[in-house]
1. Are any of the residues in region 19-41 at pLDDT below 90, of a type in the set (D, E, K, R) and over 21 Å from the mean Cα position of the chain (by Cα)?
2. How many residues are hydrophobic (A, V, I, L, M, F, W, C) and either crowded, with 24+ Cβ neighbours inside 10 Å or under 19 Å from the mean Cα position of the chain (by Cα) (or both) if we restrict to region 236-270?
3. Pairs, please: C-beta under 7 Å, at least 6 apart or cross-chain, first residue on the phi > 0 side of the Ramachandran plot and outside any strand (DSSP E or B) and in region 25-54, second at pLDDT below 95 and not β-branched (Val, Ile, Thr)?
4. Are there any strands (runs of 3 or more DSSP E) wholly within region 218-323 with 1 or more residues that are farther than 17 Å from Leu337 by Cα and touching a strand residue (DSSP E or B) at 6+ places or on another chain (Cβ under 9 Å), and if so which?
5. Asp341 versus (1) in the same structural domain as Ala232 (by TED's automatic domain parsing); (2) touching a strand residue (DSSP E or B) at 6+ places or on another chain (Cβ under 9 Å); (3) not hydroxyl-bearing (Ser, Thr, Tyr): which is the lone unmet condition?
6. What are the residues in region 82-102 that are of a type in the set (A, V, I, L, M) and more than 21 Å from the chain's Cα centre (by Cα), if any?
7. Show me the helices (runs of 4 or more DSSP H) entirely contained within region 126-207 in which 1 or more residues are in the same structural domain as Ala334 (by TED's automatic domain parsing) and over 22 Å from Pro314 (Cβ atoms).
8. Is it fair to say Gly66 is surrounded by fewer than 19 Cβ atoms within 10 Å (Cβ to Cβ) and at pLDDT below 90?
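The values are calculated or read from the model by the stated rules, or taken from the named source; none is laboratory data. Source: prediction; values computed, not measured. Every residue, glycine as well, gets a Cβ built from its backbone with ideal geometry; the counts of neighbours run over all protein chains shown.
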Amino acid sequence: MILHVACLPFPSYQGTQAALAAMLGASATSGETHLLAYAEAGYELDAPYEVHRIPDFPKVRSLRSGPSWGKVGLDTRCVFEIRRLAKRLRPEAIVAHHIEAAIAALAARAAPVYYVAHTSLARELPVYFPSAPAHLVSGVAKQAEQAVCARAAGVAAVAPSLARLLGQRTHYLPVPWTVPAAPRPTRSAARNALGLADNAHICLYAGNLDPYQGWEHLIEALALLRHRDPMAQLLVATESDPAPARQRAQRTGVVDAIHVRGIDGERARELAHAAADLGWVPRRTEGGLPVKMLDAFARELPVVAMERATAALPLHNACVTVPNDDAHALAAAAHRLFVEDYAGAALRREARRYLATHHCVDAYAIAMRELLGRHAVSTYAPTRLLLDPN
């Protein structure tokens, strides 16, 4: 039996939690799987694995990412919950997602710990403390990462760029991602449901508005794009407070061209993607996996991504890649997709092929077995690909 530990609310529609749900679902097909997470949850989940909860004190009533004192308190309690669960479940190994879970699992000394990194703490943490010297915050974070990697029985990262940052002994662990089973709404029906104009050219940003995302460049890109195409608009699908985006749009002169919609369920996510002409995927910090990009691929939405956001994945022609932090390039790529239908169709084909090859359950399970080695729960039997590459 493998015990997964994640010091975060679960489940939710945030990118990391969505990736974690996909990984746990795939792991459950290969052997008994359990998860320990925070008590807070964004929705009810009918999972093929058992979810255990860290006692909800101190109370943390937020699904947002980022540090807080309440989370530090819960992470401390996690150490004792791991020990309690380990006595009862006798796990062969603990798979710790994110550095907080890895620190707690190593402190518990209950079973061999395999660390799965979902982001680079050294690159991401400084953006949450803008008033502190970035090199000091990054240095402390890097020391913590190095200590965890040195003590863990094995280390994996959900993106090749993150594996490179963490060091040579880090495995790349692809997140499995499947095409939604439900039929897609038509564009017209989706726009009608969301109150969007049928003749608009819509770029979608589906994600949180935390500092590490680099979403600010999309506001600038929209302003540039509207000089060439007055029908260009930006749909922001998020559970974050939209005030910062609206304020920036007001200063940039495009507030009337931005539409904010909640993305608190599968139906909302489905409508947002169906209503859009393309997805914009920015990234301010290196290292993390852009789950929003995988989701756009699965929903057949052409993607324009910053190079940093592609995370060194072998994407080839699955998306349009533009230079980092370049609003002009984001706008130019979007305009091309608006006017060249064949370009979008080619991207959709390649994206589907990419998912089928690199993010199927088989690819994930093989990589997980390589990570766990002798602690793998069962002999892996290959299954059919869940996506049709053609």
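1. no
2. Residues flagged as hydrophobic (A, V, I, L, M, F, W, C) and either crowded, with 24+ Cβ neighbours inside 10 Å or under 19 Å from the mean Cα position of the chain (by Cα) (or both) within region 236-270 amount to 4.
3. Sorted first by the residue in region 25-54, then by its partner, the pairs are Gly31/Ser378.
4. Qualifying strands (runs of 3 or more DSSP E): 232-237, 258-261.
5. So the condition that Asp341 fails would be (2).
6. Answer for region 82-102, where residues must be of a type in the set (A, V, I, L, M) and more than 21 Å from the chain's Cα centre (by Cα): Ile82, Leu85, Ala86, Leu89, Ala93, Ile94.
7. Because the criterion is at least 1 residues that are in the same structural domain as Ala334 (by TED's automatic domain parsing) and over 22 Å from Pro314 (Cβ atoms), the helices (runs of 4 or more DSSP H) in region 126-207 that meet it are 187-194.
8. The answer is yes for Gly66.
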